[in-house]
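These notes are about the structure you will find just below.
The values are calculated or read from the model by the stated rules, or taken from the named source; none is laboratory data. Quick caveat, the model's predicted, so the values are computed rather than measured. Cβ: placed from backbone, ideal geometry, glycine included. Neighbour counts: every protein chain shown. The protein model used for the area step is the full one, side chains on, heavy atoms only, and it has no ligands, DNA or RNA in it. Shrake-Rupley method; radii C 1.70, N 1.55, O 1.52, S 1.80 Å.
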Amino acid sequence: MASLKVGNLGEFLREQRRSARLSLRQLSEAAGVSNPYLSQIERGLRKPSAEILQQLAKALRISAETLYVQAGILDERDRDEVEVKSAIMTDPSINERQKQVLIQIYESFRRENGHPAEADADAPDGTPAAPPSGPPSGAGSRAGAEDGGDSGEAKQSS
């Protein structure tokens with residue numbers, strides 16, 4: 001996802017709302033926050049809690065982590081890894097098992113490249129992070145077999 005270059009959280013939220021073609025009232029209803037409060041956030045008069053940011057992110061269909069970075073709750077350097085996982089978790093074209101396998105593969109590549117593992121961290125959807133796994137090469141075929149894909153094992157016609 002391309003990061004918008006906006007000055008602060010309020011401007012960023014306004015731009016996201018406009019990109020989603022939502023009125024202030026529509027977003028406030030979808031997020032469960034009052035219209036005046038949302039207006040104050042957009043104008044930079046209020047600093048919302050992490051919970052409110054999460055509600056707004058869900059209504060805007062963007063990652064909450066993106067809003068946390070804009071609000072200064074999450075450090076920018078943590079953002080890349082979180083956004084990759086969030087993008088995987090919000091992709092509607094793959095099933096939940098495939099999402100978990102992709103995250104495991106991503107984490108194994110990060111470990112291979114010397115980045116610390118997040119053994120105690122949770123995945124973006126709140127599920128516990130998977131324990132370190134073996135080589136990622138077998139993971140893809142397991143996912144394909146579970147969702148009805150052709151893993152090659154069922155074809156033994158000689």
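Among the residues of the range 54-96, which ones are open to solvent by 60 Å² or more (accessible area, probe 1.4 Å), acidic (Asp, Glu) and under 14 Å from the mean Cα position of the chain (by Cα)?
ASP78, ASP80, GLU96
Does the range 23-32 hold any residues that are part of a loop (DSSP other than H, G, I, E, B) and either hydroxyl-bearing (Ser, Thr, Tyr) or at pLDDT below 95 (or both), and which are they?
Residues of the range 23-32 part of a loop (DSSP other than H, G, I, E, B): 23, 32.
SER23, the sole residue that qualifies.
Name the pairs whose Cβ atoms lie under 7 Å apart, with the first residue in the range 1-17 and part of a loop (DSSP other than H, G, I, E, B), the second open to solvent by less than 20 Å² (accessible area, probe 1.4 Å) and modelled with pLDDT of 90 or more, and 6 or more positions between them or separate chains?
Here the result reads LEU4/PHE12; VAL6/PHE12, each pair linking the range 1-17 to a residue that is open to solvent by less than 20 Å² (accessible area, probe 1.4 Å) and modelled with pLDDT of 90 or more.
How many of the residues in the range 33-82 are aliphatic (A, V, I, L, M), outside any helix (DSSP H, G or I) and closer than 17 Å to ARG14 by Cα?
First, the residues of the range 33-82 that are aliphatic (A, V, I, L, M): 33, 38, 41, 45, 50, 52-53, 56-57, 59-60, 62, 64, 67, 69, 71, 73-74, 82.
Subset that is outside any helix (DSSP H, G or I): 33, 45, 62, 73-74.
Filter once more, keeping what is closer than 17 Å to ARG14 by Cα: 33, 45, 62.
Residues that pass the stated criteria total 3.
Determine the pairs where a residue that is in contact (Cβ under 8 Å) with a residue 40 or more places away in the chain, located within the range 81-100, has a partner that is buried (at least 18 other Cβ atoms within 10 Å of the Cβ) and assigned to a helix (DSSP H, G or I) with Cβ atoms under 7 Å apart, the partner being 6 or more residues away or on another chain.
Taking only residues 6 or more apart or on different chains, the pairs are VAL82/GLU65; GLU83/GLU65; GLU83/THR66; ARG97/ALA143; GLN98/ALA143.
May I ask you to verify whether GLU51 is over 25 Å from ARG18 (Cβ atoms) and either free of Cβ contacts under 8 Å to residues at least 40 places away in the same chain or open to solvent by less than 30 Å² (accessible area, probe 1.4 Å) (or both)? Even if it seems obvious, please write down each step before you answer.
Details: over 25 Å from ARG18 (Cβ atoms): no; either free of Cβ contacts under 8 Å to residues at least 40 places away in the same chain or open to solvent by less than 30 Å² (accessible area, probe 1.4 Å) (or both): yes.
No.
Within the range 83-94, can one find any residue that is modelled with pLDDT of 85 or more and either outside any loop (DSSP other than H, G, I, E, B) or touching a Gly at 6+ places or on another chain (Cβ under 9 Å) (or both)?
There is at least one residue in the range 83-94 that is modelled with pLDDT of 85 or more and either outside any loop (DSSP other than H, G, I, E, B) or touching a Gly at 6+ places or on another chain (Cβ under 9 Å) (or both).
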